[in-house]
Every structure is written in structure tokens, then in C-alpha cells.
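**Q** Structure incoming, see below.
The values are calculated or read from the model by the stated rules, or taken from the named source; none is laboratory data. Bear in mind that the values here come from a model prediction, so they are computed numbers and not experimental data. Accessible surface is based on the protein model in full, side chains and every heavy atom, while ligands, DNA and RNA are left aside. Shrake-Rupley method; radii C 1.70, N 1.55, O 1.52, S 1.80 Å.
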Amino acid sequence: MATLDFNAMLAAVEKNPGVEIKALDGKTVILRRFENLPRKDFKLVLKYMGILQDEQVNQEEKMDAMDACLIAAADKKDSLKESLEKMPIGSRNEVFEVWMTEDEELGNS
């Protein structure tokens, strides 16, 4: 019979946590990989990714969905939210692209 240890599974997650970003308040925020998200946050990311892929959705709604994805993936949601509110659009896009790319690369390793 296989025995799974919750603490061992959490330790495995900590080996490849995701992307780190230094927030406006000086805190280090980790944008967690999809597979490392708790169920509630995972469902939110899926919901907002659907919005991002919908061609019927306007750009403003897509920007809100992109921010919502990042906030759902963040371990320190308030710190990231505050930073995103003051961040230029181009920088927000860069953060999102790095997170998406990093997740794909980590998933292939």
C-alpha cells in the first residue's frame, strides 16, 4: 500500500515554488505554479484564463482578468495587488508573460 505524507508533498512544492517578484512594499511575492495552487486559487486562474482566451471579451476585461490570475497565483495577494495597481501596463504584461513562461518551463523539467 502506498503511503503519502502531506508534509513531504508540501516540501516538494517548495523546491520549485514559481516566480519571485519584489513588491512595492518590499516583500517578496511568489507567483505559484498552476500545479502548486490550492483548489480555490486554481479554479480562479482557470476562470480568468478562459476570459483571456475569449475573443468576445474587450481589452479592459482582459487586463482585469490578467491581474486576477496573478493575484490568485500570489502567496501574498495584498502586496501584489497594491503593486499591480501602480505598475505600468507594459510591466504588468511582462510579469504575466514571465509567470506563464516560467510555469511552462518548470512543467517541462
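**Q** Using a 1.4 Å probe, how large is the accessible area of residue 51, given in Å² and rounded to the nearest 10?
**A** Surface open to solvent at residue 51 totals about 50 Å².
**Q** Under 5 Å between amide hydrogens, which residues at least 5 positions from residue 74 or on another chain qualify, with H placed 1.01 Å from N in the peptide plane?
**A** 32
**Q** While we're here: Helix 89-108 against the longest principal axis of the chain: what's the angle in degrees, Cα atoms only, rounded to the nearest 10?
**A** Taking the Cα atoms of the chain, the angle to 89-108 is about 30 degrees.
**Q** Cα to Cα, under 25 Å, and not fewer than 8 places away if on the same chain: which lysines meet these conditions relative to residue 40?
**A** 15, 22, 27, 62, 76, 77, 81
**Q** Take the Cα atoms of the chain, build their convex hull, and give its volume per residue in Å³.
**A** Expressed per residue, the convex hull around the Cα atoms of the chain is 124 Å³.
**Q** If I fit a long axis through the Cα atoms of helix 6-15 and take the longest principal axis of the Cα atoms of the chain, what angle between them do I get, 0 to 90°, rounded to 10?
**A** Around 50 degrees separate the two axes.
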